Each structure stands twice: as C-alpha cells, then as structure tokens.
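The values are calculated or read from the model by the stated rules, or taken from the named source; none is laboratory data. Note that the coordinates shown come from a computational prediction; the quantities given were computed from them, not determined experimentally. Note that we place each Cβ from the backbone using ideal geometry, even for glycine, and neighbour counts take in every protein chain shown. These area figures cover heavy atoms from the full protein model, side chains too; ligands, DNA and RNA do not enter into them. Shrake-Rupley method; radii C 1.70, N 1.55, O 1.52, S 1.80 Å.
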Amino acid sequence: MDDEWKPLLASERAGDSYTDRGVTDSLDPKSKRPFHVEPRNIVEEDTQERVSAEASVMNSRVHYYSRLTGSSDRLLVPPDHVIPAPEEIYVYSPLGTAYKVQGGEGSVKNPSIVTIFAIWNTMMGTAILSIPWSIKQAGFTCGVIILVTMGLLTLYCCYRVLKSPKAIQYADTSDWEFPDVCKYYFGTFGQWSSLVFSMVSLVGAMVVYWVLMSNFLFNTGKFIYNYVHNVSMTDDEFGTNGTERVICPFPNTDHEDNSSLSMFYVSDNGTGTSQFDRWWSKTNTVPFYLIILLLPLLNFRSASFFARFTFLGTISVIYLIFLVTLKAIRLGFHLEFHWFDSTKLFLPEFRLLFPQLTGVLTLAFFIHNCIITLMKSNKNQQNNVRDLSVAYLLVGLTYLYVGVMIFASFPSPPLSKDCIEPNFLDNFPSNDIMVFVARTFLLFQMTTVYPLLGYLVRVQMMGQIFGRPYPGFFHVFTLNIIIVGAGVLMAKFYPNIGSIIRYSGALCGLALVFVFPSVIHMMSLHRIGALRWPSALFHSFIILLGVANLVGQFLV
C-alpha cells in the first residue's frame, strides 16, 4: 500500500513522507491535493452524499501526476486545469462524506479598508481607558510626544515582523507565523520564549479584564440599587457640582476650603444600605461573584459561540469616543502650561514618571504576534505596508484623541489634574447615565471576549505541552483556576489597571516588539552579507530602548 504513494521519477527525503506532510498543511490551490477513499465497511444506509464519479475521476488524475513526481518536486506538478477551484475542494471521509474545505489561501480576500479596520479593532483594547492617566503621569506635552514616538517605533518593529518570513530563503514560509520565524532563527529557545511572552500578553489582558469587569459590575449594580431605592446622592468622594459631575476618588489635597467642591454621603436611615455595601464591594465581594459566571465559560471546548460577539468591541470604542467628545464639549478645556514645576491644580509638562506611559503604549500598540495572520487575508498583498501604516495612524489618532480630550477637559480648577484615574470612567459618578451605559456595554463585551482569551491561552499552552488543545478536563480546569485566581487576587489587592498594563506590556514587548524583530532582521542581513554598521547600531538601539522600557517600570 505504501508503494502506491512512491513517485516514479523522484525519491522523497528521509522522514518527509506524504502522510507526514498532512493534507491540511496549505490550502493553496496549486499545492492542495484532494483525495478519494472508496466507501468501504458501511454497515447502514447514509443519506449523506457519497463520493461522486466526477470526484473519483479528478482523484485519478491527481494520483497520476503524483506517481510521476513527489510533491516537493515542482517539475511535474499537476497543471492548473487539473486542480479544482478553491470553492470546489472537498475532503472525503472513509464513509464517503464530503467535507468542504473552508478558509486558507483560497478563501475570499478582504479589501484594504477591511484589513485596516480589522487591525484597528484588534488593537483597540482596554489600554484606551488608561491613556489619559498615562499622559498625566508623563506630563501633557511629554505624553503627546511619547505617544507619537512610540507609535512610529512600534510600527517599524511591526513592519519588521511582517517582512521576517520573506527574508528566509530555501523554505516555504507561506503558512508561517512569527513564532515559526523565531524557531527558525533561535531553535527551541525561540519557539518557547515567543510562547512565554505571548502568554504574558494574553494572561495580562485577562487579569486587566477581570479587574475592569469587577469595576463595571460593581458600578452597574450600584446604579441599579440606587435607582430602585430612590437614592439620589451616591458618591462619597470629592467632586464638582453641576449636572456634569466629575469626582476625585483619591484626592491628594485638602479640598475643604474650596467652595466649588462638594462631598456627598449616602444617608443611612436603616440597615438596607449598609447591608448592600457589605455584600456589594468593589474589591471584597464582586471579584468573587464573577467566578460563578466566567469559570464555567472558560471550560468550553470551543469558543466559536463567543467569537460572534467580537463586533461589540468596535461598538464600544465608537461609543467611548462619542462619550469623550460629549463630555469635553460640556466641561470645556482647562489647561495651564507649567513646564517643570507643578502647582496645586496643574502638573508639569515633563515628568520623570514617563516610563509608565511607554509601558502602557507598548501593549496599546501591540499586535506583533498576529500581524502576519491578519495581513494574509489582505486582497492586495503589495499594499500591506501601506495598510499597516494607515491602521497604526488610526490607532494612534484614536489614543491621542481620547487622551488629550479627557486630560484637557478635566475640570482644573476645582479638581487637580492629578486626580485622573487609571480608568478614566472612575472619574465619573456611578449615577451618570451615559457612563452607566458605557460600563454596561463594556461589561457585556468583556464577558464575551474573556473566554476567547482563555481559549487562546489554552490552545497555545496545552498544544505545546500536550500536543492537543484539550488534553482533559482536569488539565484545562487547573489552568483556568490559575488564570482566574490571578485575576481575583489583582482585583482585590491591586486593582490598578494602568500599572498592570504597563508591566505586562513592557515585559512581552521586550521580546516580541523590540528584541526578536530587530535581532532577526540583523541575522537575516548578516547571512546574505548585507548587514552594515548603521543598521546594526539602529537596531541595537531599539533593543536597548526595550530593555530600558522594562527596567523603567520598576524605577518609577
């Protein structure tokens, strides 16, 4: 039986048999080979379609050419008119059932505008909520400069990732991802290190999601409770008066002498409110309530159901932009420029805390581990660099718009700019209806995305360790317990999403954004004798920036 697959004019390399290559290595119409198996051992009638005579004839033609030469030899490959069109490729099971091949290189390609907004939508994550706080930490002018600079730097590194497979000669890299490139250059170390740093970004995002979902669920429940029980004053933090109220949950200055500020307390006429506050706490109870909802969802074998709700991310970002615009119009701009000295209400334009912004932006602009996959679906491959640049431009403008508008419109006076929270929605009271809608929408969206992130972690980790994405319920449940436990602990003891984002961003960005793309580019140039000292110095400088970015997170 094995002799039937041996080519007549070429011999296969050792260990490179037809079955080793697999039938799903590529969906390229010129390399895909439909196969036909006679329906034997059928014990009952099946209403599904059997292998057709046309498919059998097609299979005989392909087998004829495969007997002439091996698939690694392109001299006598089947001509184009023998291979069926992509939409006509089927895989036939031993029982004769035909399964249509979906996706791959033969699937429908997307125009540039779809590719651009797919990248934009993928990068628009939770970091957008921390951009105003990050700009505050760096100083307004310094923050704007760093945001533009980091956008350009991460764009260049992403461009290097996109071009890295094409620099490999004498190998078919059409279906390679960046971890495959890392494995090619660095061996097993590159494969596992890229996996570990990719896990850092995914688990870090899941921890941030848990903290935010606890926050949004707490404020949503508080809004509903106050509405049902007719409680009009719900905040006990310092804040401004008026319809567009802005609060400062953790004031650093004494506001008692400022008549423009007010401090509200919920009147407690009985035990109802105190009991509610006891059982509905942002850090003590709500993070544990989420376990009941999300832990079962993480154990699903497939995440296809949750993938249907990914469009909610786009709607959430659009609504946030609308909310920021409306709040800025109603609050107006409040800016004073003090270049190096701070005042009671305003901060200097340049602050030594700027590494916190670079850490957040590293994760905010991070798409390097999946950019090759996204670009494969682009209809015009020659426009990949242009479309990637346009997508980064849109992402940078979105971050810049939200960060500048929130910082500039934050009411100073009477509040200090230092009151801007890591999640800028926390600067609005829980009884703000528009903010309540945003929190509710983000809560539902994150509830559907969280299992997707867990699925990605499981597939990558379990696939590398056990060779299959679902080795068993115990293994998957243990992994999910660890991930959920990390989220609960952070939501209870350290619910600062800005710091979580900057640490995870700087750590995963060190390898996947700064080091690996630069080193791989220099190695590829060195192998062909084209590496020059200006390029070596420039890319070495990028690596030093990545190291400094990580070290800086622990110094500020």
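Here is how the numbers come out for the structure above:
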{"read-out": "Residue 538 versus residue 145: modelled label distance in nm, points set 7 Å from Cα along the beta carbon direction", "value": "2.2"}
{"read-out": "Alpha-carbon Debye profile of the stretch 131-182, log10 I(q)/I(0) at 0.16 Å⁻¹", "value": "-0.60"}
{"read-out": "Cα centroid separation - the stretch 304-359 against the stretch 164-198, whole Å", "value": "36"}
{"read-out": "Radius ratio Rg over Rh of the stretch 393-500, counting only Cα atoms, Kirkwood formula for Rh", "value": "1.10"}
{"read-out": "Estimated D of the stretch 399-454 in µm² per second, where Rh is the Kirkwood radius over Cα pairs and Stokes-Einstein applies at 37 °C, 0.692 mPa s", "value": "250"}
{"read-out": "Dimensionless Rg/Rh of the stretch 107-201 - Kirkwood Rh, Rg from C-alpha atoms", "value": "1.06"}
{"read-out": "The stretch 506-556, accessible surface, carbon-and-sulfur percent (1.4 angstrom probe)", "value": "79"}
{"read-out": "Debye intensity ratio I(q)/I(0), log10, the stretch 362-441, q values 0.15, 0.24 Å⁻¹ (C-alpha model)", "value": "-0.75, -1.17"}
{"read-out": "Gap separating the Cα centres of the stretch 470-501 and the stretch 400-424, nearest whole Å", "value": "31"}
{"read-out": "At q = 0.17, 0.21 Å⁻¹, base-10 log of I(q)/I(0) for the stretch 443-512 (Debye sum, equal scatterers on each alpha carbon)", "value": "-0.82, -1.11"}
{"read-out": "Cα coordinate range in the stretch 290-439, projected on the principal axes (Å, largest first)", "value": "53, 45, 29"}
{"read-out": "Label-to-label distance, nm, for residues given as residue 473 and residue 389 (7 Å Cα→Cβ offset)", "value": "5.5"}
{"read-out": "Largest-first ordering by accessible area, 1.4 Å probe, given options 175, 341, 418", "value": "341, 175, 418"}
{"read-out": "Greater than 20 Å apart at Cα, pairs in 163/379; 183/379; 136/222; 222/417; 344/417; 327/417", "value": "183/379; 136/222; 222/417"}
